[in-house]
1. Of the numbered conditions (1) closer than 22 Å to PHE84 by Cα; (2) surrounded by 11 or more Cβ atoms within 10 Å (Cβ to Cβ); (3) touching a residue at least 24 places away in the same chain (Cβ under 8 Å), LYS53 fails exactly one; give the number of that condition.
2. Write out, first by first residue and then by second, each pair whose Cβ atoms fall under 8 Å of each other, whose residues are 6+ apart or on separate chains, and whose first residue, in segment 68-81, is within 10 Å of SER97 (Cα to Cα) while the second is among the polar types (S, T, N, Q).
3. Consider LYS74 against the criteria (1) surrounded by 12 or more Cβ atoms within 10 Å (Cβ to Cβ); (2) at pLDDT 90 or above; (3) among the charged types (D, E, K, R); (4) in a helix (DSSP H, G or I): it satisfies all of them except one. Which criterion is unmet?
4. For segment 19-49, enumerate the residues that are surrounded by 15 or more Cβ atoms within 10 Å (Cβ to Cβ) and in a helix (DSSP H, G or I).
5. Any residue at all in segment 52-65 that is over 14 Å from the mean Cα position of the chain (by Cα) and of a type outside the set (Lys, Arg)?
Amino acid sequence: MITIGYSTRESKPEFIEYLKKSSGFKKLEVIEKVNNGEKSLSQVYNEILSEAKTDIVVLCHDDIYFDTSSWYHKLLKHFEKSDFGIIGMAGTTEMPSSGMWWENRKK
């Protein structure tokens, strides 16, 4: 199972539903943290990491859009094939099959 966590200024149940539906996995754990500047993003992310019940945790913003369906299974495959314990998406429009977004500097 994967945990996905994010910080937001107000609760967004529709975003939680979107994450679950787009992931292709019904038992996705979602941790939403409402934060209006009381804590830094790092503090909120550390709280999510502490509360997560899974080994794989996705930390994201509350305004992202997954440009693929069933991303849950694709993400799991990257972890299964890689020696890396972290995968980062930094505004890229494409995830290479290796999971290393930095491979193609043009993207």
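1. Against the list (1) closer than 22 Å to PHE84 by Cα; (2) surrounded by 11 or more Cβ atoms within 10 Å (Cβ to Cβ); (3) touching a residue at least 24 places away in the same chain (Cβ under 8 Å), LYS53 comes up short only on (2).
2. LYS74/THR68; LYS81/SER98
3. (2)
4. LEU19, LYS20, SER22, SER23, VAL44, TYR45, GLU47, ILE48
5. There is no residue in segment 52-65 that is over 14 Å from the mean Cα position of the chain (by Cα) and of a type outside the set (Lys, Arg).
The values are calculated or read from the model by the stated rules, or taken from the named source; none is laboratory data. Note that the coordinates shown come from a computational prediction; the quantities given were computed from them, not determined experimentally. Cβ coordinates were reconstructed from backbone atoms using ideal geometry, including for glycine residues, and neighbour counts include every protein chain displayed.
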